[in-house]
Amino acid sequence: MRKMTEENLKAAFAGESQAHMRYLIFADTAENEGLSGIAKLFRAIAYAEQVHATNHFKTMGLLGKSPSNLEAAIAGETFEVEEMYPAYKAVAELQGEKKARRSIRFALEAEKIHADLYSKAKKAAEAGKDMDVEKVSICSRCGHTVIGDAPDFCPVCGAKREEYKIF
C-alpha cells in the first residue's frame, strides 16, 4: 500500500473510531434525558462508524489471529501505562487540572489491569486454549476491571458494587 493511502486510512480509522465513541456517549446522554429515539439513532450510526473503522483497519492489514491481536493490545496498554498517561499526568499536575488528573489516574489504573489480563489471555491463546472467564466486571465510573464479581467498593474510585457493569 502506498504511503499516502496508508496515512489516509490511519487518519480515517482514527476519525471513525472517535465518532463511534462520541456517538455512544451522546446516546447515553440522550437516553438519560428520556430521548430514546435520538439515543437509538446515535447508537445505530455509532455502529456504522464502527463498520467503517473495521473496514479501514482490515484494509491496512492490522487484523491478525488472536495471539497477535493480543500482542498488539498488550503493546498499546503498556504504552499507555509506561509512557502516555504518566506524561499526561505530569502536565495536568503542572497545570493544576484536578479533573484531568483524576480522569488520567482512573485510566492509568485500569490500563495496568488490562495489560495483565491481555498477557494472561495471550498465554492461553498461544497454548490453543480460551480463558476461563464467566464474567468481567467494569466500574462505570473509572473503568476498574475485574474477572468475576465486582468488589463491594471500587479500589480506584470508591464506587459501590452496583455501579459496576457486568459482561
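The values are calculated or read from the model by the stated rules, or taken from the named source; none is laboratory data. Small disclaimer: the values here were computed from a predicted structure and weren't measured. Virtual Cβ from ideal backbone geometry, glycine too; neighbours counted across all protein chains shown.
Report yes if E82 is buried (at least 17 other Cβ atoms within 10 Å of the Cβ) and assigned by TED's automatic domain parsing to the domain that holds K122, otherwise no. No. Looking only at residues in the stretch 1-55 that are more than 20 Å from S140 (Cα to Cα) and basic (K, R), the one that is farthest from the chain's Cα centre (by Cα) is R2.
Within the stretch 116-135, not a single residue is in contact with a Phe, Trp or Tyr (Cβ under 9 Å, 6 or more places away or on another chain), surrounded by 15 or more Cβ atoms within 10 Å (Cβ to Cβ) and small (G, A, S).
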